[in-house]
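Each reported figure results from applying straightforward, stated rules to the coordinates on display, with no laboratory input. Keep in mind that what you see is a predicted model, and the values were worked out from it rather than measured. In this analysis, Cβ positions are derived from the backbone assuming ideal geometry, glycine residues included, and neighbour counts consider all displayed protein chains.
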Amino acid sequence: MADNRRKEYIGKVISDKMEKTVSVLIESLYRHPKYGKVVKRRTKFMAHDEEKRCHVGDRVKIIETRPLSKTKHWKVMDILESIQVKG
């Protein structure tokens, strides 16, 4: 029942250099209330990635969770699109 109230976002991993943490960029479009122009809003979240499966460029689904650290309140649920690393 509590899972229905948790926020979910889809974003792009922009950093995976931390231990068990990835930085996810969320982009949303909204219309300016006065001028009507469509504006892009960007927000960066720190998300918990226990198995270190995410890499830079991956599209991931994150879900709100209890505070895990000072800046980390999100958890990676799924990797929707993975960027293949050459090597």
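Of note:
- Computed on the chain, with alpha-carbon pairs under 8 angstrom and 6+ residues apart, the relative contact order is 28 percent.
- A cut-off under 11 angstrom between Cβ atoms defines the neighbours of E81, and their net charge, with Lys, Arg +1 and Asp, Glu -1, is +1.
- Other residues with beta-carbon under 11 Å from the beta-carbon of G11 carry, at +1 per Lys or Arg and -1 per Asp or Glu, a net charge of +2.
- Members of K17/K44; K17/K72; K12/K52; K17/K70; K12/K70 lying beyond 20 Å, as alpha-carbon distances in this model show: K12/K70
- Calculated FRET efficiency for the pair L80/H32, C-beta based, R₀ 41 Å, to 0.05: 0.90
- Along its principal axes, the range 1-58 has C-alpha extents of 45, 33, 14 angstrom, given from the largest down.
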